[in-house]
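Readers should treat all values here as calculations from the given coordinates under stated rules, not as data from a laboratory. As the structure is a computational prediction, the values presented were derived from the model and not from experiment.
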Amino acid sequence: MSNLQLKCKKCRNVLTEDFKKGPLSAHGLLLDTENVREANKHCLKKSPEVFYFVENCMPRWIRERVDDANWLKGKLTCAQCSAKLGSFDFVHGSKCDCDAFVLPPVHLIRSKVDYAPY
């Protein structure tokens, strides 16, 4: 897979171009622009995928925010417009709507970011 460019939907600020692996579904399946709706077919939840989950190889700006919060919990915001883009919680973790734990507990809100290969 080529590198991915991640942008804030509000101000179109390029957040990163070093997002090498792409976001994951709540169950750890790699998402791409074509299979977002299909990724969680085996999940019992009825709601659509609203988050992109990020694995341990996270973009630099996310890693910096997580490091600043001492790997506990916090919000991910756009550096340019301060829009809330997601959050992380290494204290309590995250759960899918079907009650399965999601690892890692770092997510971006799908409606707040755009990503595309470049």
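Computed values, structure above
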item	result
Extension gain from VAL50 to ALA83, taking 0.36 nm per residue of separation minus the Cα-Cα distance	10.2 nm
Unsatisfied cross-links (Cα-Cα over 18 Å) in the set LYS10/LYS95; LYS75/LYS112; LYS10/LYS84; LYS7/LYS112; LYS7/LYS73	LYS10/LYS95; LYS7/LYS73
Full-extension gain in nm, VAL14 to ALA69, via 0.36 nm per residue minus C-alpha separation	17.5 nm
